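> The structure is given below, and queries will be raised subsequently.
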Amino acid sequence: MESFGSRLHRAMAERGPLCVGIDPHPALLARWGLPDTVTGLERFARTVVEAIGDRVAVVKPQSAFFERFGASGVSVLESTIRQLRDVGSLVLLDVKRGDIGSTVSAYASAYLDPSSPLYVDAVTASPYLGVGSLAPMFDLAAAHGGGVFVLALTSNPEGASVQRAVGPDGRTVAQTVIDEISQLNRGAEPLGSFGLVVGATIGETGHDLSAVGGPLLAPGLGAQGATAADLRVVFGSSLPAVLPSYSREVLNAGPDVAALRAAADRVRSDCRAVLSPVD
Ligand SMILES: O=c1ccn([C@@H]2O[C@H](COP(=O)(O)O)[C@@H](O)[C@H]2O)c(=O)[nH]1
């Protein structure tokens with residue numbers, strides 16, 4: 001079975017280095033002329049799939065915007081995941097789950113077991129109960145060719161007070177997360193299946209990302225103020241592993257399908273110019 005890291009590496013080579021988020025904010029539904037209801041949610045998600053599902057390497061539905069409609073919103077999430085998989089994009093579900101290990105096992109079954117209705121290629125996870133508590137997710141992902149992206153240095157300004165706190169061994173919390181994920185990816189080629197989330201907004205990180213060996217998801221581009229050029233400052237020599245992620249910057253172009261495609265093409269080409277300038 002092909003690993004997630006290998007599938008992601010191929011998808012980025014074939015479709016370019018881009019992840020687009022599906023974040024149906026109430027304001028976006030209104031901007032698209034849709035009601036703030038499950039019907040509006042369903043039309044929004046279906047339009048994004050139609051516009052970019054067959055041309056973007058990774059699509060990242062933000063679970064919160066589906067969950068806010070309860071069971072029927074989660075049902076739309078399930079069908080959106082199916083549609084995305086049908087058109088060949090990798091699905092990264094942004095759920096930022098984390099808990100004690102025995103509960104993490106249930107989250108792993110929900111998202112990383114191929115028999116689950118919410119089965120996706122990869123999920124985001126929170127390490128603040130200890131990276132080791134996420135082991136059931138890492139194990140199930142490895143068993144079924146899935147991936148896990150763990151929060152390290154997030155794009156929001158509030159994250160630094162926790163993530164840059166220094167532990168008794170002199171390392172920051174973030175560096176501890178980075179080092180543990182690097183261990184999990186050791187020896188994986190061409191790319192490990194365990195990634196990190198590092199915001200494009202944070203400037204020079206002051207952290208060592210050189211041994212990660214897995215993908216680096218970079219949110220914060222566009223609506224949160226970071227530009228493709230900032231990727232160079234944040235990631236330096238780790239640029240080849242970066243997966244830039246945009247949500248509102250692309251979604252603001254909707255609901256016109258051609259305009260959504262053009263917005264995705266534009267941000268991908270901005271990122272390409274930074275990530276692989278000689279192509
Ligand atoms: O550090 C993080 C981790 C996750 N996110 C998520 O990414 C998108 C960003 O949306 P934009 O519209 O492009 O700002 C959103 O779903 C966040 O929950 C993040 O922003 N930063």
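> Name the single residue that is surrounded by the most Cβ atoms within 10 Å (Cβ to Cβ) among those in the stretch 204-229 being within 14 Å of the ligand (Cβ to nearest atom) and small (Gly, Ala, Ser).
ALA218
> Hey, among ASP86, ASP99, ASP113, which residue is under 21 Å from the mean Cα position of the chain (by Cα), surrounded by fewer than 14 Cβ atoms within 10 Å (Cβ to Cβ) and away from the ligand (no atom under 15 Å from the Cβ)?
After ruling out the rest, the residue left standing is ASP86.
> Could you grab me the full set of residues in the stretch 210-255 that are in a helix (DSSP H, G or I), touching a Gly at 6+ places or on another chain (Cβ under 9 Å) and either charged (D, E, K, R) or closer than 19 Å to ALA11 by Cβ (or both)?
ASP230, ALA241, ARG248, GLU249, VAL250 - these are the residues of the stretch 210-255 that are in a helix (DSSP H, G or I), touching a Gly at 6+ places or on another chain (Cβ under 9 Å) and either charged (D, E, K, R) or closer than 19 Å to ALA11 by Cβ (or both).
> May I ask you to verify whether SER210 is touching a Pro at 6+ places or on another chain (Cβ under 9 Å), among the polar types (S, T, N, Q) and closer than 23 Å to GLN163 by Cβ?
For SER210, the condition - touching a Pro at 6+ places or on another chain (Cβ under 9 Å), among the polar types (S, T, N, Q) and closer than 23 Å to GLN163 by Cβ - is not met.
> What do you reckon, is ALA174 crowded, with 19+ Cβ neighbours inside 10 Å, modelled with pLDDT of 95 or more and within 13 Å of the ligand (Cβ to nearest atom)?
In short, yes.
> Now for a different question. In the stretch 60-80, which residue that is hydrophobic (A, V, I, L, M, F, W, C), touching a helix residue (DSSP H, G or I) at 6+ places or on another chain (Cβ under 8 Å) and away from the ligand (no atom under 16 Å from the Cβ) is farthest from ASP113 (Cα to Cα)?
Ranking the candidates gives PHE69 first.
> Would you tally the residues in the stretch 1-42 being away from the ligand (no atom under 16 Å from the Cβ), without any contact (Cβ under 8 Å) to a residue 12 or more places away in the chain and more than 21 Å from the chain's Cα centre (by Cα)?
3
> Another question, then. So which helices (runs of 4 or more DSSP H) are wholly in the stretch 69-181 and hold at least 2 residues that are free of Cβ contacts under 8 Å to residues at least 40 places away in the same chain and within 30 Å of GLY16 (Cβ to Cβ)?
By residue number, 71-86, 101-112, 135-144.
The values are calculated or read from the model by the stated rules, or taken from the named source; none is laboratory data. All of these numbers come straight from a predicted model, not from anything done at the bench. Counting neighbours? That spans all protein chains shown, and the Cβs are built from the backbone with ideal geometry, glycine included.
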